[in-house]
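Student: Before I ask anything, let me first share the structure, which is written out below as structure tokens.
The values are calculated or read from the model by the stated rules, or taken from the named source; none is laboratory data. Bear in mind the structure is a predicted one, so any value in this text is a computation, not a measurement. Because the Cβ atoms are built from the backbone with ideal geometry, glycine has one as well, and the counts that use them run over all protein chains shown. When the accessible area is computed, the model is the full protein with side chains, heavy atoms only, and any ligands, DNA or RNA have been set aside. Shrake-Rupley method; radii C 1.70, N 1.55, O 1.52, S 1.80 Å.
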Amino acid sequence: MAGSVPLSTNRPSTARQRKTNESSAVKWILIGAAVLVLLWLIVLPLIVVLTEALKQGWLVYIEAISDPDALSALKLTLLVAVITVPLNTIFGVAAAWAITKFKFRGKQWLVTLIDLPFAVSPVIGGLIYVLVYGANGWFGPWLQEHDLKIIFALPGIILATLFVTFPFVARELIPLMEDQGQQEEEAAVMLGARGFKIFWKVTLPNIKWGLLYGIILCNARAMGEFGAVSVVSGHIRGETNTLPLHVEILYNEYQFSASFAVASLLLLLALVTLLFKSWFTRKSNH
Amino acid sequence: MHSSTSKRGVLPGFGITMGYSVLYISLVVLIPLSALLLNSTGLTWEKFWDVATDSRVLASYKISFLTAAAAGLIDTVLGLLIAWVLVRYEFPGKGIFDAMIDLPFALPTAVAGVSLTAIYSANGWIGSLFEPLGIKIAFTPIGITLALMFIGIPFVVRTVQPVLQELETEVEEAAATLGASRFRTFRSVILPELLPPLLTGFALAFARGIGEYGSVVFISGNMPMKTEIAPLLIMSKLEQFDYAGATAVALILLLISFVLLLLINSLQRKIRKTAK
């Protein structure tokens, strides 16, 4: 089976009878209303980021994003993403394999557990690590004795980011692999394929676009997380300040143009993510 | 085949993938979460009750609840409209609009927060239109609701869209043939089918709204009793090193999230079942 079965069959819209279509006036009123809502709710905030960033000219803009504090925030944000995204990708693939290819008790619980970070406030995502590793936390005294720092340092930021981003890859893959069943993999076993080779040669080609989509969503959230990271970061400039936190610091110092300039970098990240997303969806539908 | 794998079928890798998943979840979620549940801060029932019924805490729950519910409801109506237009009609620029729906998923919440504040503050593009009328948007519950609407809209659109796409048009055709008006067909044939995804979308937006922090802190103004949301209260208790207080507020918030999550999961299972 070369191309996987498309999830939705394309029903030709021309086949729909005229009786089940709205009158042309109603149709265009609905379209107009929907477009207006989208322009107001989603496009306007995007435009305002750019206009505010460039309000005081390019010079201020360039200065803001080439500021040493901004650069070190960018570096930290990239570092956090480089560590957390691969870890969560491996977890996502492993969890999706176990959940979709086998039957076991408590499966529904495991799925619910994976969804948990989506429902829990990111602030709680940060708080739980403070309770475990903070100065007054479970391991706090032990860590202090050994001069190890987790909270208000890089490890804490990584842990909090892991927490909020770990469902993304698994959540993308589970429905996809569930729909595909396991006949292809079983056939590969019968033909003598083993272990990881089955995943690599049989499963992966079927799920690759979904997997990539999960990874870029995970990455966007890892680079953009604010609430959870804010709790554990300590906001030390040039040290534990990520890009989103830097936006906040500049904003609270009334350096609005600089704040929006840094925000525009994160907006760019979001737009690139959306671009990849629509590319992946188009690919997976063919 | 090895006898150990035959019990679960012929496919390999159950032990290692399952073991790794459980270990990872334990390290990243279960152990830290148990620190909250097992009361590592020495929170007594008395203190818990004191914090939970404190008027400032109660006010923050009320604000979080009401704004998240209002935003979820408005998103449900607007999301249905957008999903309908995207699935049923063709118009120029449709592909771009469809892609833009996901922007709130991809945009860091802090960016949304500063941008929305700029739009709705007294000298902002929209805020300045309402200022002469004596209506303030930023730094009021209206502003919080608008921020949560931005965050929540893709949840509704993306849950309704696939169901609408799969909807059989035969029943609609039958209804039309039997003389039902288009509006009546929508109300009594299409809407009942869309009820589960609409409810799911609302619940997802609501759940996200209750816990949301980044997009709200800037626009809310954070005035105690008036525009202070529950997640922010956790944050300020932490900043005052009141770990027990933060734990108490977080426990209630967590309980609400658990209930919502179970509800959403059962709704989603229902949708998947009827889809098959």
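Student: On the basis of being touching a residue at least 60 places away in the same chain (Cβ under 8 Å), of a type outside the set (Ser, Thr, Tyr) and open to solvent by less than 40 Å² (accessible area, probe 1.4 Å), does B:Leu199 make the cut? Show your work before the answer.
Tutor: On the way: touching a residue at least 60 places away in the same chain (Cβ under 8 Å): yes; of a type outside the set (Ser, Thr, Tyr): yes; open to solvent by less than 40 Å² (accessible area, probe 1.4 Å): no.
No: the conditions fail for B:Leu199.
Student: Taking region B:36-46 only, how many residues are open to solvent by less than 70 Å² (accessible area, probe 1.4 Å) and either modelled with pLDDT of 85 or more or within 23 Å of the chain's Cα centre (by Cα) (or both)?
Tutor: Start the filter on region B:36-46 by keeping residues that are open to solvent by less than 70 Å² (accessible area, probe 1.4 Å), which leaves B:36, B:39-43.
Of the ones still in play, those that are also either modelled with pLDDT of 85 or more or within 23 Å of the chain's Cα centre (by Cα) (or both) are B:36.
Counting residues in region B:36-46 that are open to solvent by less than 70 Å² (accessible area, probe 1.4 Å) and either modelled with pLDDT of 85 or more or within 23 Å of the chain's Cα centre (by Cα) (or both) gives 1.
Student: Now for a different question. Output yes when any residue across region B:84-104 is more than 7 Å from chain A (Cβ to nearest Cβ), closer than 24 Å to B:Ile219 by Cβ, part of a helix (DSSP H, G or I) and open to solvent by 60 Å² or more (accessible area, probe 1.4 Å), and no when none is.
Tutor: No, the conditions are met nowhere in region B:84-104.
Student: Scan region B:149-183 residue by residue and report those that are modelled with pLDDT under 85 and acidic (Asp, Glu).
Tutor: Of everything in region B:149-183, those that are modelled with pLDDT under 85 and acidic (Asp, Glu) turn out to be B:Glu168, B:Glu170, B:Glu172, B:Glu173.
Student: Further question: Got a sec? Which of B:Phe186, B:Phe218, B:Phe258, B:Phe241 is assigned to a loop (DSSP other than H, G, I, E, B) and either of a type in the set (Ser, Thr, Tyr) or at the interface with chain A (Cβ under 10 Å from one of its Cβ atoms) (or both)? Before the answer, list the steps.
Tutor: Details: B:Phe186 fails: assigned to a loop (DSSP other than H, G, I, E, B); B:Phe218 fails: assigned to a loop (DSSP other than H, G, I, E, B); B:Phe258 fails: assigned to a loop (DSSP other than H, G, I, E, B).
Every option except B:Phe241 fails the conditions.
Student: Name every residue in region A:132-178 that is assigned to a loop (DSSP other than H, G, I, E, B) and of a type in the set (S, T, N, Q), in order of residue number.
Tutor: The first filter runs over region A:132-178 and keeps only residues assigned to a loop (DSSP other than H, G, I, E, B), leaving A:134-139, A:146-153, A:166.
The one that is assigned to a loop (DSSP other than H, G, I, E, B) and of a type in the set (S, T, N, Q): A:Asn136.
Student: Can I ask one more? Return the residue satisfying two criteria in turn: it lies in region A:189-201 and is within 9 Å of chain B (Cβ to nearest Cβ) and assigned to a helix (DSSP H, G or I), and of such residues it is nearest to A:Phe168 (Cα to Cα).
Tutor: Applying the filter and picking the extreme gives A:Phe199.
Student: Next up: Let me confirm something: among A:Leu265, A:Leu245, A:Leu204, which residue is among the hydrophobic types (A, V, I, L, M, F, W, C), in a helix (DSSP H, G or I), touching a residue at least 12 places away in the same chain (Cβ under 8 Å) and more than 8 Å from chain B (Cβ to nearest Cβ)? Talk me through it step by step, then tell me what you get.
Tutor: On the way: A:Leu245 fails: more than 8 Å from chain B (Cβ to nearest Cβ); A:Leu204 fails: touching a residue at least 12 places away in the same chain (Cβ under 8 Å).
Result: A:Leu265 is the single residue among A:Leu265, A:Leu245, A:Leu204 that is among the hydrophobic types (A, V, I, L, M, F, W, C), in a helix (DSSP H, G or I), touching a residue at least 12 places away in the same chain (Cβ under 8 Å) and more than 8 Å from chain B (Cβ to nearest Cβ).
Student: When you look at B:Lys237, is it within 22 Å of B:Ser121 (Cα to Cα), open to solvent by 10 Å² or more (accessible area, probe 1.4 Å), modelled with pLDDT of 90 or more and out of contact with any Asp or Glu (no Cβ under 9 Å at 6 or more places or on another chain), yes or no?
Tutor: Values: within 22 Å of B:Ser121 (Cα to Cα): no; open to solvent by 10 Å² or more (accessible area, probe 1.4 Å): yes; modelled with pLDDT of 90 or more: yes; out of contact with any Asp or Glu (no Cβ under 9 Å at 6 or more places or on another chain): yes.
Against the criterion (within 22 Å of B:Ser121 (Cα to Cα), open to solvent by 10 Å² or more (accessible area, probe 1.4 Å), modelled with pLDDT of 90 or more and out of contact with any Asp or Glu (no Cβ under 9 Å at 6 or more places or on another chain)), B:Lys237 does not qualify.
Student: Could you list, in sequence order, all residues of region A:89-133 that are among the small types (Gly, Ala, Ser) and either touching a Phe, Trp or Tyr at 6+ places or on another chain (Cβ under 6 Å) or surrounded by 19 or more Cβ atoms within 10 Å (Cβ to Cβ) (or both)? So that I can check it myself, show each step before the final result.
Tutor: To start, the set of residues in region A:89-133 that are among the small types (Gly, Ala, Ser) comprises A:92, A:94-96, A:98, A:106, A:119, A:121, A:125-126.
Once the filter is applied, which keeps residues that are among the small types (Gly, Ala, Ser) and either touching a Phe, Trp or Tyr at 6+ places or on another chain (Cβ under 6 Å) or surrounded by 19 or more Cβ atoms within 10 Å (Cβ to Cβ) (or both), region A:89-133 yields A:Gly92, A:Ala94, A:Ala95, A:Ala96, A:Ala98, A:Ala119, A:Ser121, A:Gly125, A:Gly126.
Student: Of all residues in region B:27-73, count the ones that are of a type in the set (S, T, N, Q) and outside any helix (DSSP H, G or I). Show your work before the answer.
Tutor: Start the filter on region B:27-73 by keeping residues that are of a type in the set (S, T, N, Q), which leaves B:34, B:39-41, B:44, B:53, B:55, B:60, B:64, B:67.
Among the residues that remain, those that are also outside any helix (DSSP H, G or I) are: B:39-41, B:44, B:53.
Residues in region B:27-73 being of a type in the set (S, T, N, Q) and outside any helix (DSSP H, G or I): 5 in total.
Student: Could you tell me which of the residues A:Leu173, A:Leu191 is more than 30 Å from A:Gly234 (Cβ to Cβ), aliphatic (A, V, I, L, M) and crowded, with 16+ Cβ neighbours inside 10 Å?
Tutor: On the way: A:Leu191 fails: crowded, with 16+ Cβ neighbours inside 10 Å.
On inspection, the qualifying residue turns out to be A:Leu173.
Student: Does any residue of region A:134-141 turn out to be touching a helix residue (DSSP H, G or I) at 6+ places or on another chain (Cβ under 7 Å), within 7 Å of chain B (Cβ to nearest Cβ), open to solvent by 60 Å² or more (accessible area, probe 1.4 Å) and over 20 Å from B:Gly19 (Cβ atoms)?
Tutor: Yes: region A:134-141 contains one or more residues that are touching a helix residue (DSSP H, G or I) at 6+ places or on another chain (Cβ under 7 Å), within 7 Å of chain B (Cβ to nearest Cβ), open to solvent by 60 Å² or more (accessible area, probe 1.4 Å) and over 20 Å from B:Gly19 (Cβ atoms).
Student: Could you check region B:106-124 and list, in sequence order, the residues that are in contact with a helix residue (DSSP H, G or I) (Cβ under 6 Å, 6 or more places away or on another chain), more than 7 Å from every other protein chain (Cβ to nearest Cβ) and not small (Gly, Ala, Ser)? Break it down stepwise before answering.
Tutor: In the first step, residues of region B:106-124 are kept if they are in contact with a helix residue (DSSP H, G or I) (Cβ under 6 Å, 6 or more places away or on another chain); the result is B:106-122, B:124.
Okay, now just the ones that are also more than 7 Å from every other protein chain (Cβ to nearest Cβ), so B:113, B:117, B:120-122, B:124.
Listed by number, the residues that qualify are B:Thr117, B:Tyr120.
Student: Here's another thing I want to ask about it. Which one of the conditions (1) at pLDDT below 95; (2) closer than 30 Å to A:Leu265 by Cα; (3) in contact with a Pro (Cβ under 8 Å, 6 or more places away or on another chain) does A:Ile42 fail to meet, given that it meets all the rest?
Tutor: (1)
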